[in-house]
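Presented below is the structure to which this report refers.
The values are calculated or read from the model by the stated rules, or taken from the named source; none is laboratory data. Keep in mind it's a predicted model, so treat the numbers as computed, not measured. Here Cβ is always computed from backbone atoms with ideal geometry, including for glycine, and neighbour counts include all displayed protein chains.
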Amino acid sequence: MALMHQTAPYPDPLKYLVDRLEYRRGWRFELADLDRGQGSKGLTLLITIHTMDSYDQDKRRSVVHYMLVPPAAYDARSWQRWLFDQCLLVERHECMEFFTIHDSPGSEHSVKPYAPSHGPGNDPYLVREVGTDIDQRTSFRGELADAR
């Protein structure tokens with residue numbers, strides 16, 4: 001397998017902003033140089049959120065969103081906008097997780113028509129009209145969760 005290689009100066013303005021960023025209560029931001037799996041590694045923005053479980057809202061869970069930092073020499077204003085856009089991607093992802101249509105009012109049977117595809121090779125921030133049950137239950141590590 002051929003590898004892609006990119007380089008850029010360390011984004012000090014981004015680090016400065018990440019260290020000072022406040023968004024929602026329960027959200028944490030950090031930069032890390034890590035192996036994201038699937039042969040991908042490098043500087044990553046980790047957005048950790050503490051939220052309700054979209055399938056059982058009586059439960060809470062922590063989720064870490066891995067956002068690939070582009071190899072760019074942006075200024076602080078551009079990095080600030082990039083951070084804002086990453087928050088919007090996480091919000092979109094969570095909206096896709098929670099958006100549910102019931103067969104009838106009060107019905108327990110429902111569908112999540114925009115549930116993100118988490119599996120390898122899928123962009124979990126892409127809004128898809130149709131995703132299979134397996135797409136929805138496969139983690140980014142390729143592990144299949146039990147049916148919900």
message: Give me the residue from the stretch 1-42 that is among the hydroxyl-bearing types (Ser, Thr, Tyr) and at pLDDT below 95 and, out of that set, surrounded by the most Cβ atoms within 10 Å (Cβ to Cβ).
response: 40
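Condition first: modelled with pLDDT of 85 or more and either among the hydroxyl-bearing types (Ser, Thr, Tyr) or in contact with an Asp or Glu (Cβ under 6 Å, 6 or more places away or on another chain) (or both). Now tell me which residues in the stretch 121-136 satisfy that.
Our first condition is that a residue be modelled with pLDDT of 85 or more; within the stretch 121-136, this holds for 121-128.
Selection gives 125 alone.
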- line: The residue from 57, 6 that alone is polar (S, T, N, Q) and over 21 Å from residue 98 (Cα atoms) is 6
task: Hey, could you check the stretch 92-111 for residues that are in a helix (DSSP H, G or I) and acidic (Asp, Glu) and say which is surrounded by the fewest Cβ atoms within 10 Å (Cβ to Cβ)?
output: 94
statement: Taking first residues from the stretch 56-69 that are on the phi < 0 side of the Ramachandran plot and second residues anywhere that are not in a strand (DSSP E or B), the pairs with Cβ under 6 Å that are 6 or more apart or on different chains are 59/53; 61/53; 65/90; 67/86
- prompt: Quick one: would you say residue 89 is surrounded by 15 or more Cβ atoms within 10 Å (Cβ to Cβ) and closer than 30 Å to residue 13 by Cβ?
  reply: yes
